[in-house]
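The values are calculated or read from the model by the stated rules, or taken from the named source; none is laboratory data. The structure displayed is predicted, hence computed values, not measured ones. Neighbour counts run over all protein chains shown; Cβ positions are idealised from the backbone, glycine included. Accessible surface areas use protein heavy atoms only, side chains included; no ligands, DNA or RNA. Shrake-Rupley method; radii C 1.70, N 1.55, O 1.52, S 1.80 Å.
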Amino acid sequence: MTDTVHGSPNGSGSASLGLKAKDFKTDQEVRWCPGCGDYAILAAVQGFMPELNIARENVVFLSGIGCSSRFPYYMNTYGMHSIHGRAPAIATGLSTSRPDLKVFVVTGDGDALSIGGNHLIHALRRNVNLTILLFNNRIYGLTKGQYSPTSEQGKITKSTPMGSVDNPFNPVSLALGAEATFVARTLDSDRKHLTSVLRAATAHQGTSLVEIYQNCNIFNDGAFDLLKDADTRGDWIIGLNHGAEIRFGNDNSKAVIRDPATGALSVAEGVAEGDPRVVTHDAHTEDPSYAFALSRLSQPDTRLSPMGVFRDVTRPSYDQLLNNQLDKAKAQAPGDEDALQALLRGKDAWSVH
Amino acid sequence: MAALEFGRELDAQLQLGTNVFRRRTARMSTEVQQLDRVVIRIAGDSGDGMQLTGDRFTQETANFGNDLSTQPNFPAEIRAPAGTLAGVSSFQLHFADHDILTPGDRPDVLVAMNPAALKANLGDLAKGATIIVDTRDFTERALARIGWTSDPITDGTLENFTVHALDLTQLTLDSLAGSGLSRKDAGRSKNMYALGLLSWMYSRPTEGTLAFLREKFAKKPEIAEANITAFRAGWNYGETTEAFGVSYEVKPAPLPAGEYRNIAGNLALAYGLIAGAQRAGLPLFLGAYPITPASDILHELSKHKRFGVRTFQAEDEIAGVGAALGAAFGGALGVTSSSGPGIALKAETIGLAVSLELPLVIVDVQRGGPSTGLPTKTEQSDLLQAMYGRNGEAPVPVIAPQSPGDCFDAALEAIRIATVYRTPVFLLSDGYIANGSEPWKIPEVGSLQDLSVSFLTEPNGEPGPDGTVTEFLPYLRDPDTLARPWAVPGTPGLEHRLGGIEKADKTGHISYDPDNHEFMVRTRQAKVDGIIVPDLVVDDASGDAKVLVLGWGSTYGPIGAAVRRARRAGYSIAQAHLRHLNPFPKNLGQVLASYDKVVIPEMNLGQLALLIRARYLVDAISLTQVRGMPFRAADLADMLQGVLTSDD
Ligand SMILES: Cc1ncc(C[n+]2csc(CCOP(=O)(O)OP(=O)(O)O)c2C)c(N)n1
Ligand code: SF4
Ligand SMILES: [Mg+2]
């Protein structure tokens, strides 16, 4: 994949703090199964952090419960491994009361979309300043292999010996349905792409949701092989690059085209150069239906997976709006001890002598 | 028992008043009777503005200097169909020339704005009570709707009462003739007409109400004027017609010197949180999801952003407490407020807070349960939920306020315990004191206790070979309090990871070691057990009591009133009231052992009694009631009498 995202490099713009990837490693033994995709994501995040150029003490990683949610223990920043599904809620309290911090949420497909689905959609709709990394291995790893809300229908697992019957979520569609202002998808094994998505996600104001396809080599091995195998990935990965035509396939002959009559998006093969139907990706499109239509191109078996930044639009963050109200209230009248005394006294006080 | 009956007789006599004199007015002579206390209840449809009317009468009464206690009572439905029993909303006020403890058992005066309001409240009235009733809706149809086949005003139903049957609606309309208002709009002012009449009857000051109406309807001056006109007309009706030959006076109560205001429990609680946060030097963060009867805390705190208060209306109660905990991790004073059903949802996160050992205040304004239960009615049935409603050994300190004004002090105490011991704390209020009000001596902010908190800013581990300390031990405890350091993000060198997995002593790393778990479970328990709380104070006036009445929370008023009755009847009885339910005061065991009998009245099925029996092996007598209403002092006095006179 090529570098797919645009956006300014992150960081304060001030002098480099000279941090290295190793500065973000902890002394804790990493306890994921050997070969787990989580290792690659951890390495990519640690490798990216120096570029963010934010002092370690101003970074917080919060997680829920699951294999993926062990992540904060391995990041030498502030961190909290909380309870199943609730990290977005906890992070909302932290982020809104401490706008000076850079807050990440690490979550799994079960954590974010089953038990924590409510908190996820509300964080997205509020646009809280959070970067949410959703490790989607399409399985419950920590509880040893039950199907998850992203498992394809018919999935045979310990809890579904005859195959799961429920329809899965597409996390990108779900997030866009909640009008998330930043939604992207990337792959654990593509360090370069993952890093570029992180760069864009962390530059975003408000909530950025990054779905990371992650291999669980114990309970759902090979779930993303079609997107990893050199022979097949060109056929199935639809790379999204802001400002560029959405073309893919080994000879770039496949493309996402727009039906001029209905506006519907579809994938066409053998599309000639200069074909006016080919969509030029605009991640800043205000109307979420465009990004949503892109997200609907993917198949449950990962064929035709758009990868990259689906949507990146500007909207004030919840934190900013709430804190503006505080500033405004303070500017109108002070909140000092005299003000508190006057509040307690109220309007109808009387004296007893 | 005769003596107790006598006590009650005495009450009744005092209440009727003996000291009668006459007042001359320009137009006629009106008798003014002195009373020592009165209980008034105003009832009507939920849309009739009864709560507002009650609030205003209360404020006038407070300004006059009486001691008072109020009890609003409203349906869970916002506007049940008009004229139905289900739609009746009422407000009760007890005021006196001496200190009182409850809103009163039985009203001496009922103002009923429609037939349903009369029917719903008739059974509660004191013998010989006065009824002022708006006759407007006493039609056959309206009466039939609530199951009355004949008119109670004329059929003898009310013969034991003094009845003033008036067409209040028509009187209001007449007073507003020429105002240009539609009949419907004009009729809306009938509550102010009634308030004017009551204000005359009880010689209340009126300037406050007039100013209030002008301010409330500042944007609609014609409505303000209509209300003022109706209010004055009500007053004049009392003053000029022969219908009410008597008005009453209840002298101011001799309260300790100071500045007072009237305050309801939820308001006092919200103010206590703001004041406590300011004394702690921490920004206040409230995470909450609306629920009756706790929502007013969210509403109130959301008004006070200039004090650095952030309120977050979450998507559910789990998110509310989660956000509060997240804010606490960041160094804020995290608070969540809810009622029973919401507290059930918060349980897992409170367990996380126990494990993280971060300060957190959890306010539970209890209501009738189980499940949705009685949303607008009171109960004390969440004590065991607060104590034990979590997985694992997860001790949480529990405190309870005893009256509306006391909610302020309880909030400060919750903040003290939470911040000093780095622990979640439960504050158990309930619907009765949350909505009820009383005069409150306004505290001096500067003299409130200092709750200042210090964050750790330097590593606290063992010095390295070169003598410098670089290691941070997030679970290294203060030897006195067993509290761990509060090190907030943004502090260089103290980066650390917390979590709900069992942590190793000192380092806070993940640990599955059996000895460590045993140690940590016992240490968390020891920390809560070791919280320093004031000794229990016993009120044993005669010094020779054999029976102790022990209570907690909002039963303070009714228990106190019942104890006074028993004492007036000649009995010796001791009273003690628990603010701290976990840990209990250190002297509690000794106090319990000093009495032959321990009686515990509660608005549940004996939850404190269960704890006391288990903890102290005391054969406590549990007196319980779950009617969604506070105990009546008279009922409780009867129950106490039963205990006082039984031989076993
Ligand atoms: C309240 C609660 N319910 C259930 C669990 C058990 N549990 C732990 S992790 C998990 C699912 C994790 O799946 P996912 O979020 O996809 O994370 P993964 O392990 O795959 O990274 C479950 C059901 C729990 N810890 N807490
Ligand atoms: S179970 Fe799967 S997801 Fe969990 S650590 Fe092992 S490989 Fe990774
Ligand atoms: Mg998973």
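Observations, loosely collected:
- Centre separation in Å (Cα based) which lies between region B:243-277 and region B:380-412: 25
- Heavy-atom surface of region A:174-319, accessible at 1.4 Å and reported per residue (Å²): 40
- What the phi angles of region B:505-514 give under the Karplus curve with 6.51, -1.76 and 1.60, with θ = phi - 60°, is a coupling list of 3, 6, 6, x, 5, 4, 9, 10, 5, x Hz, glycine and proline written as x.
- By a 1.4 Å probe calculation restricted to protein chains, A:Lys158 has an accessible surface near 140 Å², given to the nearest 10.
- Principal-axis tilt of helix A:37-52 within chain A, Cα atoms, nearest 10 degrees: 60
- Taking all protein chains as shown and a probe of 1.4 angstrom, A:Thr131 keeps an accessible surface of around 0 Å².
- Over chain B, DSSP H runs of length four or greater, each weighted -39,500 (n - 2.57), average out per residue to a 222 nm ellipticity of -11000 deg cm²/dmol.
- For chain A, the relative contact order works out to 17 percent when only alpha carbon pairs closer than 8 Å and six or more residues apart are counted.
- In this view, the solvent-accessible surface of B:Thr240, computed with a 1.4 Å probe and all protein chains in place, comes to about 50 Å².
- For GluC sites (Glu not before Pro), the sites in region B:229-303 that DSSP calls loop and that have at most 13 other Cβ atoms within 10 Å are B:Glu242.
- Antiparallel bridges, percent of DSSP beta bridges restricted to the protein assembly as shown (to nearest 5): 40
- Listed by chain and number, the lysines placed with their C-alpha closer than 20 angstrom to that of A:Lys158 are A:Lys144; residues fewer than eight positions away on the same chain are left out.
- Taking a ≥ b ≥ c as the square roots of the Cα gyration tensor eigenvalues, region A:310-353 comes out prolate, since a/c reaches at least 1.5 and a/b is larger than b/c.
- Global form of region B:138-264, assessed from the alpha-carbon gyration tensor, a/c cut-off 1.5: oblate
- Given A:Lys192/B:Lys346; A:Lys330/B:Lys586; B:Lys441/B:Lys546; A:Lys328/B:Lys220; B:Lys219/B:Lys303; A:Lys102/A:Lys192, the pairs whose alpha carbons are separated by over 32 Å: A:Lys192/B:Lys346; A:Lys330/B:Lys586; B:Lys441/B:Lys546
- Among the trypsin sites (Lys or Arg not before Pro) found in region B:283-322, those both in a DSSP coil and sparsely packed, with 14 or fewer other Cβ atoms within 10 Å of their Cβ, are B:Lys303.
- Summed buried accessible surface, chains A and B, 1.4 Å probe, nearest 100 Å²: 5600
- Qualifying trypsin sites (Lys or Arg not before Pro) in region A:188-286, DSSP loop, other Cβ atoms within 10 Å at most 16: A:Arg277
- Here region B:444-546 has 54 percent of its accessible surface on carbon and sulfur atoms, given a 1.4 Å probe and all protein chains in place.
- Per residue, the accessible area of chain B comes to 38 Å² when a 1.4 Å probe rolls over the protein heavy atoms.
- In order along region B:264-273, the Karplus-derived 3J(HN,Hα) couplings, from 6.51 cos²θ - 1.76 cosθ + 1.60 at θ = phi - 60°, round to 8, x, 5, 5, 4, 5, 4, 5, x, 5 Hz, and Gly and Pro are given as x.
- Highest-MSF residue in chain A out of A:Leu194, A:Leu134, A:Leu19 [GNM, Cα springs under 10 Å]: A:Leu19
- Over chain A, dividing the summed -39,500 (n - 2.57) contributions of all DSSP H runs of at least 4 residues by the number of residues returns a 222 nm mean residue ellipticity of -8000 deg cm²/dmol.
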